[in-house]
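What follows is a single structure, written as structure tokens, with notes after it.
The values are calculated or read from the model by the stated rules, or taken from the named source; none is laboratory data. Because the structure is a prediction, the values reported are computed rather than measured. Here Cβ is always computed from backbone atoms with ideal geometry, including for glycine, and neighbour counts include all displayed protein chains.
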Amino acid sequence: MQFPEAQRIKNLPPYLFARIERLIEQKKEEGVDIISLGIGDPDLPTPGHIVEEMAREIRNPANHQYPSSAGLPEYRQAVAGWYRRRFGVELDPRAEVVALIGSKDGLAHLPWCCLDPGDTVLVPDPGYPVYAGSSILAGAVPYYVRLKPEKGFLPDFADIPVETAKKAKLMFLNYPNNPTGAVAGESFFAEAIAFAKEFEILLAHDAAYAEVAFDGYRPPSFLQVPGAKEAGIEFGSLSKTFNMTGWRIGWAAGHAGAVEALGRLKSNVDSGQFNAVQKAAIAGLTGPLDNLNEVNEIYRQRRDILVDGLNSLGWRLEKPKATFYIWAPVPAGYTSASFAETLLEKAGVVITPGTGYGAAGEGYFRLSLTVPTGRLKEAIERIKRNVGQVNF
Ligand code: MLT
């Protein structure tokens, strides 16, 4: 029997990094020494005190039962405490915080909570592929809001036709931004909140990279801007902050109606995150943060090696203030796809083609800083040997 594939699955493109992972496996089987600057997956270990807490909690039989789906009260309190300390934001841990199995879980389920089939959703382009993918799954229709370099990769609300804004119910935002590394200040969030209020659009701010920042820059939270809690929710994650991508733990916080709906949906489709993981996450959110500075210093050094290296070959890149991504134009004569293919075939270097993040990513590629310094230097050497000096 043929698999009776639903239309919504037919409409769903394969996940970008699943495709790239298969490509890498294939090359490795052929014996190629691959340097992957593809997925942004921290290579540094989770801080020791978090691992120790996990080791203790995993031995406690009470944690072997079903977890609390919305999150342990003490986990939600730890998230509220994090917001108070880091951003000066007060949250009601019961009504304004819900635990997630990684922020991707919440980003992927939110459209089901607020979009009916045919509804319009505003999706940044380029943008993290989950925003569009999950909206398409829910039957909604993405309207792609172009993030332009001349606007610092911030959406220009004036670009969105009034008729589209009137129809839209949800808008995704993401700063510090994946894939461009762009940052947004409080004044931008205030502008977004005014737009959302005018058109009654829920804002979903993905803040996964809020702690990956350099040169003294500290990204603000969307929730610290007046009116934010009435206009939207913020997605937070321990993945990139504490090198915990494999642990799958995050949260959504803010708008009480959105938090309740997300919690209700999730209680129907999953049973929450393992309590031992939640307790280890509490150790992260309430414990010492020196590791964070050390890790950011390592990313800063890597950023400088990559940006200086590419600039020595003809690029003219500025150093991003946050995220562990470098977003760069492809040289003259290439498309995003052909440049990615050339680097893979000739240099054994994996990059992410800009088009993986939407049509506006054409002409760009993304590099991740989640590999050690030596390999980054080697990647630059290989690009120099195989592509040489470039122009645009
Ligand atoms: C990325 O590389 O864009 C992210 O690490 C992928 C993800 O979070 O799924």
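Scan region 213-228 for residues that are more than 15 Å from Asn293 (Cβ to Cβ) and small (Gly, Ala, Ser) and jot them down. Ser221, Gly227, Ala228, listed by residue number. Residues considered: Ile298, Ile282. Of these, the only one that is touching a residue at least 60 places away in the same chain (Cβ under 8 Å) and not assigned by TED's automatic domain parsing to the domain that holds Thr373 is Ile282.
Set side by side, the residues Glu150, Glu90 differ, and just one is within 30 Å of Ser267 (Cα to Cα) and either surrounded by 16 or more Cβ atoms within 10 Å (Cβ to Cβ) or out of contact with any strand residue (DSSP E or B) (no Cβ under 9 Å at 6 or more places or on another chain) (or both), which is Glu90.
One line per residue, one yes/no per condition, for (1) under 24 Å from Thr245 (Cα atoms); (2) not in a loop (DSSP other than H, G, I, E, B):
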position: Ala276; (1), (2): yes, yes
position: Ile282; (1), (2): yes, yes
position: Asn291; (1), (2): yes, yes
position: Ile298; (1), (2): yes, yes
position: Lys319; (1), (2): no, no
position: Ala328; (1), (2): no, yes
position: Glu345; (1), (2): no, yes
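Between Ile24, Ile20, Ile58, Ile101, which is assigned by TED's automatic domain parsing to the domain that holds Asn178 and within 16 Å of the ligand (Cβ to nearest atom)?
So the residue among Ile24, Ile20, Ile58, Ile101 that is assigned by TED's automatic domain parsing to the domain that holds Asn178 and within 16 Å of the ligand (Cβ to nearest atom) is Ile101.
So which of Leu310, Leu317, Leu344 ends up being of a type in the set (A, V, I, L, M), more than 16 Å from the ligand (Cβ to nearest atom) and modelled with pLDDT under 95? Of the residues listed, the single one that is of a type in the set (A, V, I, L, M), more than 16 Å from the ligand (Cβ to nearest atom) and modelled with pLDDT under 95 is Leu344. In this structure, Gly257 does not qualify as closer than 30 Å to Ala95 by Cα and in contact with a helix residue (DSSP H, G or I) (Cβ under 6 Å, 6 or more places away or on another chain). Determine if region 107-116 includes at least one residue that is among the aromatic types (Phe, Trp, Tyr) and within 13 Å of the ligand (Cβ to nearest atom). The answer is no; no qualifying residue exists.
Okay, residues lined up against (1) among the basic types (Lys, Arg); (2) farther than 14 Å from Val350 by Cβ; (3) within 16 Å of the ligand (Cβ to nearest atom); (4) assigned to a helix (DSSP H, G or I):
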| site | (1), (2), (3), (4) |
| --- | --- |
| Asp33 | no, no, no, no |
| Glu74 | no, yes, no, yes |
| Gly81 | no, yes, no, yes |
| Arg84 | yes, yes, no, yes |
| Glu90 | no, yes, no, no |
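The set of residues in region 185-217 that are surrounded by fewer than 18 Cβ atoms within 10 Å (Cβ to Cβ), within 19 Å of the chain's Cα centre (by Cα) and among the hydroxyl-bearing types (Ser, Thr, Tyr) contains only Tyr217.
With the condition kept exactly as written, say whether any residue in region 37-49 is more than 16 Å from the ligand (Cβ to nearest atom) and not in a loop (DSSP other than H, G, I, E, B). There is at least one residue in region 37-49 that is more than 16 Å from the ligand (Cβ to nearest atom) and not in a loop (DSSP other than H, G, I, E, B).
Among residues of region 235-271 being part of a strand (DSSP E or B) and within 16 Å of the ligand (Cβ to nearest atom), the one that is farthest from Tyr75 (Cα to Cα) is Phe235. Kindly provide the set of residues from region 153-172 that are within 16 Å of the ligand (Cβ to nearest atom) and closer than 18 Å to Ile193 by Cβ, ordered by number. Once the filter is applied, which keeps residues that are within 16 Å of the ligand (Cβ to nearest atom) and closer than 18 Å to Ile193 by Cβ, region 153-172 yields only Phe172.
For region 322-334, name all the residues that are more than 16 Å from the ligand (Cβ to nearest atom) and closer than 22 Å to Gly152 by Cα. Correct list: Pro329, Val330, Pro331. If the condition is being more than 11 Å from the ligand (Cβ to nearest atom) and within 20 Å of Lys319 (Cβ to Cβ), then region 357-368 contributes Tyr364, Phe365. Residue under question is Gly40, and the condition is that it be touching a residue at least 60 places away in the same chain (Cβ under 8 Å) and more than 21 Å from Gly254 (Cα to Cα); does it hold? Against the criterion (touching a residue at least 60 places away in the same chain (Cβ under 8 Å) and more than 21 Å from Gly254 (Cα to Cα)), Gly40 qualifies.
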